[in-house]
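Below is one structure, written out as structure tokens; comments come after it.
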Amino acid sequence: MACACGEPRAEISGRFRFDHPIHTDWPAVGDWVAMAARPEENAATIHAVLPRRSRFSRNAAGERTEEQVAAANVDLVFLVTSLDGDFNVRRLERYLTVAWESGARPVILLNKADLHADTAGYLAEVDAIAFGVPTIALSAATGQGLEELRAMVPHGVTGAFLGSSGVGQSSLVNALLGVARLETRAVREDDSRGRHTTTHRELIALPDGGMIVDTPGMRELQIWSGGDGLETAFSDVEALAAQCRFGDCSHAGEPGCAVQAALEDGTLAQERFRGYVKLHREIEYQTQRQSHSARYIERTRWKPIAKEI
């Protein structure tokens, strides 16, 4: 049974360690679980989470270093942005890094295309940083592109929406369902920012048999890890780096640096490279924090054992 919000209630058995600082083995939306039904209470007890084939994770909000599994067993991650002021190429690079790391395939949705008669410029910007990633210009208001989106989530396929507040995720879900099931709100006119309409993650069944995970709009997306995801999202930069004379080239002035040569002749855009460096440093910093957190957890685990001995 897939884990989703709503009835019947599902309680977690004592197998799951609630005292442990990291809860990645807890059930997440999209998980398949082993559970025992309690029909008389209209409830069930979850005893185990089955192995995941994909996992969309981020660093938990706040100062903690803790993995938060936002969705599991997802086939497609729909990266939603809108053309009313939210569009940001650097943010898309970040989302692509996380999406590739999850094990799911990313798809970019340019919502509110009805606000622009010509979306060719936006599509060209996306093509320049999202190699081979399908991109759909659509509008929940007019229905543009919805059939193409619906065709990507047939029976047996699960997709998840990811985007910032106000990009129209809930409106897209309602359009796919054909009914106004989720609440929607208008964005502010001065800065096109939205308020959180969706406040929890939910697995929603579509009429054609597909599934959609609706997630709350994000003010920020902190990367949990991104080794393979970064390499895939920035395959152009990685390909250039592989041509550098030195294997440990920092691309900061060494002789024979293919990356610097591409920057000088315009083959590689400066903004693209700066985005790569920023995410690379962020991932290195996050890795160090995770290592420190793991050591702390291990010391905490062994301290009472040593004291007892």
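The values are calculated or read from the model by the stated rules, or taken from the named source; none is laboratory data. Note that this is a predicted model, so its numbers are computed, not measured. Glycine also receives a Cβ, built like all others from the backbone with ideal geometry; neighbour counts cover every protein chain displayed. Side chains included, ligands, DNA and RNA excluded: accessible areas come from the protein's heavy atoms. Shrake-Rupley method; radii C 1.70, N 1.55, O 1.52, S 1.80 Å.
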*Please work out how much accessible surface residue 119 shows to a 1.4 Å probe, ignoring ligands, DNA and RNA, in Å² rounded to 10.*
20 Å²
*Estimated distance in nm for a label pair at residue 228 and residue 157, the labels positioned 7 Å out from Cα along Cα-to-Cβ*: 2.1 nm
*Toward the positive end of the charge dipole of region 58-173, about the Cα centre and with charges on Cβ (Lys, Arg +1; Asp, Glu -1), which of 167, 151, 77 goes farthest?*
77
*Tell me, in nm to one decimal, what length is gained between residue 90 and residue 42 on full extension, where the rule is 0.36 nm per residue of separation less the Cα-Cα distance?*
12.6 nm
*Between residue 246 and residue 34, what length comes free when the chain is fully extended (0.36 nm per residue of separation minus the Cα-Cα distance, one decimal in nm)?*
71.2 nm
*Express the relative contact order of region 96-165 as a whole percentage, based on alpha carbon pairs under 8 Å and six or more residues apart in sequence.*
29 percent
*asked:* Just to verify a number: FRET efficiency for residue 131 and residue 269, C-beta to C-beta distance, R0 = 22 Å, to 0.05?
replied: 0.95
_Residue-span extension gain [residue 200 to residue 148] - 0.36 nm each, minus C-alpha spacing_ = 16.1 nm
*Distance between modelled label sites at residue 278 and residue 261, nm, 7 Å Cα→Cβ extension*: 2.8 nm
_Percent RCO, i.e. relative contact order, over region 56-129, from Cα pairs under 8 Å lying at least 6 residues apart_ = 33 percent
*Please calculate how many Å² of accessible area region 88-160 carries per residue, with a 1.4 Å probe and no DNA, RNA or ligand atoms counted.*
43 Å²
*Using a 1.4 angstrom probe with every protein chain in place, what is the largest-first accessible-area order of 273, 234, 246?*
246, 273, 234
*Point-to-point label distance, residue 115-residue 177, nm (Cα→Cβ direction, 7 Å offset)*: 2.4 nm
*Could you please state how large a percent of the accessible area of region 44-151 is carbon and sulfur, counting protein chains only and using a 1.4 Å probe?*
51 percent
